[in-house]
1. Which Cα, out of Phe96, Met388, Val213, lies furthest along the positive dipole direction of the chain (beta carbon charges, K/R +1, D/E -1)?
2. How do the peptides 194-203, 144-153 rank, highest first, by the average count of neighbouring beta carbon atoms within 10 Å per residue?
3. Give me the Å³ per residue figure for the convex hull around the C-alpha atoms of the stretch 53-139.
4. Provide the convex hull volume over Cα atoms per residue for the stretch 5-155, in Å³.
5. With each run of n ≥ 4 DSSP H residues scored as -39500 (n - 2.57), what mean residue ellipticity at 222 nm is computed for the chain after dividing by its residue count and rounding to the nearest 500 deg cm²/dmol?
6. Treat every Asp and Glu Cβ in the chain as -1 and every Lys and Arg Cβ as +1, leave all other atoms uncharged, and give the resulting dipole magnitude about the Cα centre to the nearest 20 debye.
7. For the stretch 330-407, would you read off the P(r) tail past 19 Å as a percentage of all alpha carbon pairs?
8. If packing is taken as the average count of other Cβ atoms within 10 Å, what order do 452-464, 378-390 fall into, highest mean first?
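None of the figures in this text is laboratory data; all of them are computed from the coordinates on show. Keep in mind it's a predicted model, so treat the numbers as computed, not measured. Quick reminder, even Gly has a Cβ in these numbers, built from the backbone with ideal geometry, and neighbours come from all protein chains shown.
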Amino acid sequence: MMSNKFPEGFLWGGAVAAHQLEGGWNEGGKGISIADVMTAGSHGVKRKITDGIQDGNYYPNHTGIDFYSNYKEDVALFAQMGFKCFRTSIAWTRIFPKGDELEPNEEGLKFYDNLFDELLKYKIEPVITLSHFEMPYHLVKEYGGFRNRQCIDFFVRFAETVMKRYKDKVKYWMTFNEINNQADFEEDLFPFCNSGIIFNEDDNREEVVYQAVHHELVASAKVVKIGHEINPDFKIGCMMAMVPIYPYSCDPEDMMLCEEEMRKRWYYADVHCRGAYGNYAKKMWERNGLNIVIEPGDEQILKEGKVDYIGLSYYMSAAVKANLETKANEAFKNFVKNPFIKASDWGWQIDPVGLRYTLNILYDRYQLPLFIVENGFGAIDQISEDGMIYDDYRITYLRNHIEEMEKAINLDGVNVIGYTVWGCIDLISFGTGEMKKRYGMIYVDRDNEGNGTLARSKKLSFDWYKKVIESNGQQL
Ligand code: BGP
């Protein structure tokens, strides 16, 4: 017997980000975002942020999958799958092309009016991320991104503009996508994309990143407060990349290390959800000699801007071991392979039970509704002779995760309000810049070099997910 139970009104759907699928990078008055100056990567080759548009570089975001022109056709496919919600971001540069203008770009605002109207036509609830790795490049170059406190005001102006404009069309908002991703400040890519930071030679990188994060947290809190004034029915969330960390063994040192690694997530979530930094955070600044400037009034703002729910991405778990003899590299020191679980082709350790665990620890800590706004399986799909893509491996991944989410709801009592499959339509992978790392239930004919007709077709997972939604998760 089918026994999976999901609450009535559960928000099943799909998720994307503007810069990973829209294309039309310079259409409709849009300005250049940081994503527009990121080169294509490939297996083993890192993406790079260039100094603006240069000849000879391929920028996958420029055309994406041309959702900008095709959105009606794509939304119709989402509706066919029965989506209750659709998560995307508003490209900041469509609204404020450079980021520091006083007046918004009407053509950009109109595009999202049209998109939201199209979604609402099918009763699909838009779920909107305000900042998903796509800061105006002008703010990066001229202001130094979020290391500069002025960017708080620019972001707030952007958020206020779109929240006012779409106050009757959008109810669910999130401020910064995966705000905790930038904890890996040794890596170049993530700080760039979240905060728009360009490091100088003599930077104390840790200090620069945590200062920028403080500005983002203040900006987020201001937006939560303003949003609730614009429409008290708004649900405004944060968005956390949740990779739960396990201790490699029951060695107490492993356990303590695990606790410290988890703090790299709580650092952000505590401020978003409790309205204040944890004591461990302040001690960390002290221990590491970081001078984080908190201006008078900031603490009050953080207190007044607590989020309504926690949006989270979940793809994998990780494990740490203290006293490692050899370290793979400094940025990922102490991370080890978990011998109990398998990894994807990109080394992401697949762990459905880890999702149930994650939902539990988040709910225990904050007692806020949880919204899984990203979960999915990146793979190289093969087209069969009959033209079909039999992505049963994707179905297996999604099914196993949905089953664990169901346990968290029904066996543990966690309040989960929705679930959106990441990259419900094939799009450009953020981490690698590849088109061939596909997540979609809808295939898009486009390759790594940008060739292909852009035609859409259904994969096996399309009908499977349609049934899942139709049966409200009873039929997996
Ligand atoms: C998250 C990002 C998304 C998305 C996803 C998959 O970190 O929020 O933008 O891309 O991961 O990652 P990737 O595209 O690198 O496979």
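1. Value: Met388.
2. Details: 194-203: 17.5, 144-153: 20.9.
By packing density, highest mean first, the sequence is 144-153, 194-203.
3. Cα-based convex hull of the stretch 53-139, divided per residue, equals 112 Å³.
4. 154 Å³
5. On the way: 14 runs with 179 residues, N = 476.
About -12000 deg cm²/dmol.
6. With only Lys, Arg, Asp and Glu charged at Cβ, the dipole is about 1020 debye.
7. 52 percent
8. 452-464, 378-390
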